[in-house]
Amino acid sequence: VGSEMCIRDRYYAGMYRLNSKNWETQRSYDSLDIQHDKQLGGGNNQVTFFTGGVQLPNFILMVPSKEYPKAMRQNGIHEVALNYLPNGMLGTPNSIGCLRVSDFGSKYIRWWVPQSAKLFIAYKEKTYFKQIDIKDSITHYLPLKNQAEGDQFRFWIRKYKPIEAEMLQIDEKGNYKSGHLIDAYYYFKNEYNNFLKTK
């Protein structure tokens, strides 16, 4: 692990302990959850929010080991925040250091990983520090390029997939950068593109 770590900045530690297993607003935290957390060493019903009130569901704080005193101490594991970035963008350079996972993944990790479990991180410096244009880092990956395209797809899914639109929380109006809308697009990308070709 040490040979893979960034010697210059040490942004990430080589080893972390998982701590402060938090919750989310979509689920109630009842007596069975309390009992389960006790069996796994800890957990709570607090909800973590990022700047601007964006919820980070099932946030688990990553505490760096003492061997890495300069490592960032505010990162964690959590579900991608859907009102900011969609699941379809997982794996793209749009994080300041947290480990983002899917909805199911965040629930599974929060529920089954014991408190204070070890987490090891290794990355290659040349890959991690590849320079990107921050201005275009998000918009470059958006499948819907403007509000008109977003509105067109929003109209299509609400008309032809009303049940799915309801499940995916697609409102009648909204921003084309909405994580819910982009996730819906990736679910029905092929069908929607075939519709556009035959229209």
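The values are calculated or read from the model by the stated rules, or taken from the named source; none is laboratory data. Remember, predicted model here, so these are calculated numbers, not experimental data. When we count neighbours, we look across all protein chains shown, and the Cβ atoms used for this are built from the backbone with ideal geometry, even at glycine. Accessible surface areas use protein heavy atoms only, side chains included; no ligands, DNA or RNA. Shrake-Rupley method; radii C 1.70, N 1.55, O 1.52, S 1.80 Å.
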> Does the stretch 40-62 contain any residue that is of a type in the set (S, T, N, Q) and over 21 Å from the mean Cα position of the chain (by Cα)?
Replying inline: no
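So in the stretch 40-63, with the set limited to residues that are among the polar types (S, T, N, Q) and modelled with pLDDT of 90 or more, which one is least open to solvent (accessible area, probe 1.4 Å)? Talk me through it step by step, then tell me what you get.
Quick first cut of the stretch 40-63, residues among the polar types (S, T, N, Q) only: 44-46, 48, 51, 55, 58.
Narrowing further to those that are modelled with pLDDT of 90 or more: 44-46, 48, 58.
Numbers: Asn44: 37, Asn45: 92, Gln46: 115, Thr48: 30, Asn58: 2 Å².
Among them, the one singled out is Asn58.
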>> Tally up the residues in the stretch 80-113 that are at pLDDT 90 or above and either assigned to a loop (DSSP other than H, G, I, E, B) or surrounded by fewer than 14 Cβ atoms within 10 Å (Cβ to Cβ) (or both), please.
In response: 3
> From the list Tyr176, Tyr186, which residue is open to solvent by 30 Å² or more (accessible area, probe 1.4 Å), within 21 Å of Val80 (Cβ to Cβ), in contact (Cβ under 8 Å) with a residue 12 or more places away in the chain and outside any helix (DSSP H, G or I)?
Replying inline: Tyr176
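Out of Arg154, Arg158, I need the residue that is at pLDDT 90 or above and open to solvent by 50 Å² or more (accessible area, probe 1.4 Å). Which one? Don't jump to the end; show me each part of the working.
Working: Arg154 fails: open to solvent by 50 Å² or more (accessible area, probe 1.4 Å).
Answer to the selection: Arg158.
Among the charged types (D, E, K, R), modelled with pLDDT of 90 or more and farther than 14 Å from His78 by Cβ: is that true of Lys66 in this structure?
Working: among the charged types (D, E, K, R): yes; modelled with pLDDT of 90 or more: yes; farther than 14 Å from His78 by Cβ: yes.
Considered against the rule, which asks whether it is among the charged types (D, E, K, R), modelled with pLDDT of 90 or more and farther than 14 Å from His78 by Cβ, Lys66 comes out as yes.
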